[in-house]
Structure formats: C-alpha cells, structure tokens
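I have placed the structure first, in the form of structure tokens, so that the comments after it can refer back to it.
The values are calculated or read from the model by the stated rules, or taken from the named source; none is laboratory data. Everything numeric here is computed off the predicted structure, so don't read it as measured data. Virtual Cβ from ideal backbone geometry, glycine too; neighbours counted across all protein chains shown. Only protein heavy atoms, including side chains, enter the accessible area calculation; ligands, DNA and RNA are left aside. Shrake-Rupley method; radii C 1.70, N 1.55, O 1.52, S 1.80 Å.
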Amino acid sequence: MSAWKHFCTITRHRRLVRRVCFKMGLYWQGLVHDLSKYSPAEFIPGAKYFVGYRSPNDMQRRAEGYSSAWLHHKGRNKHHFEYWTDYLVDENGKVGSGFVKMPVKYVAEMFADRIAACKVYQGKDYTDASPLEYFQKGKHRGNFMHEETDELLRKMLTMLSEEGEDKTTKFIKNTVLKKGYESFKGTKYDN
C-alpha cells in the first residue's frame, strides 16, 4: 500500500511542479521534473520510508544515517542546489566547498519544486508564505548554496509570499528568465 501512496505523492508533486513551470514558460523542465523518482534506486526506498507528511528521504536518513535515494536524486536533477556543489583544493592542498552559481532556469524550477513540496506536505495549511518559511527554517543548518543563487531564490520566495503565485510566476517568466540574477534590481526586493 505504501508503494501506491508513494507513487501517488510523487505523481501529484510532479503535476504541481509542471503547472508552475508551465506558468513560467519552462515546458521541458516541467515535463521531465523528478523523473528519477520513478527509478528503482529512488522509488524503492521512497516506498519503504513513505509516511505521507514528510519526504521519505528524511525518514531514510533518520533510519539509516543517510539517504541513498537522495544521493541518487540530487546527482541527476539540476534544480537542486546540491547538484551544483563541488569541492575546491587551494594552493596549500586544503579542501573546501565550492558552491556553483546555478543557471537561472534551474533556480526557477527549484522555486516551483519548493511550492509543490509545501503544497503536497502541508495540504490545506499551505499558504504562499509556506515556501519562504521552509527556506528560512533551513538556514540554521548553514548555507550550502552559492550566495547569489541563495539571494535570487530568497527574493523569488519573498515575492511569492507578498504578491502571490500568479504575479510572481509572471514576473519570473517575463523578467527573471530574461534578465537573470539582476532582475530584482530596483524593485522593493532589492536589498
């Protein structure tokens, strides 16, 4: 039964992402979003750890100490900032993290992904402020995103919270995807 519920959850999530992506003109990304979730490497652990109110990846991580499904997923889906994380070795051989600035179209897909995830897991309690609140709640774990990517996503989520989904997706389609990281310059979100 959990396999069927997991299938329905990821299918609903993909449908919600597709709807937001289509509003932004990201048709191909909307169609192929998260297809890897149907692969055995992700689907089997997802069904095993399905609880319905939070990601099975979190549940697998709690049970096993890591999520094999997440490791598979983040390496195949460019809308996750973790896909864009590398390591750097300085001239002294010291290893550090390298956070790569994401292409804007994937930041927009990440925006859609966060809306859909909040709608799926929060249900009737979802508001346009939910994705921003979830984003801010994750800040206590540290910032593992390129500084400019983090700022762009935060501005998009703030606009969503204040202006709503229709106005924000229209702005992303007509401005952000054309002007890129500079798109909020001169707006009330430019801080």
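Here are a few things to note about the model shown:
- Inside the range 46-61, residues that are in contact with a Phe, Trp or Tyr (Cβ under 9 Å, 6 or more places away or on another chain) and free of Cβ contacts under 8 Å to residues at least 40 places away in the same chain make up a count of 5.
- In the range 51-108, the qualifying residues are those that are closer than 28 Å to PHE171 by Cβ and among the aromatic types (Phe, Trp, Tyr), and the one that is modelled with the highest pLDDT is TYR106.
- Cβ pairs under 6 Å, 6+ apart, first in the range 101-118 and over 19 Å from LYS179 (Cα atoms), second open to solvent by 30 Å² or more (accessible area, probe 1.4 Å) and of a type in the set (Asp, Glu): none
- Hits in the range 140-171 - residues which are among the hydroxyl-bearing types (Ser, Thr, Tyr) and over 17 Å from ALA129 (Cα atoms): THR149
- Of the helices (runs of 4 or more DSSP H) entirely within the range 30-139, those holding at least 2 residues that are open to solvent by 60 Å² or more (accessible area, probe 1.4 Å) occupy 40-48, 56-64, 104-122, 130-137.
- Annotation: of all residues in the range 142-188 being part of a helix (DSSP H, G or I) and touching an Asp or Glu at 6+ places or on another chain (Cβ under 7 Å), the one that is farthest from TYR27 (Cα to Cα) is SER161.
- Considering residues of the range 144-173 that are in contact with a strand residue (DSSP E or B) (Cβ under 8 Å, 6 or more places away or on another chain) and not aliphatic (A, V, I, L, M) only, the residue most open to solvent (accessible area, probe 1.4 Å): GLU147
- Test: residue in the range 104-122 that is of a type in the set (Ser, Thr, Tyr) and closer than 24 Å to GLY25 by Cβ: yes
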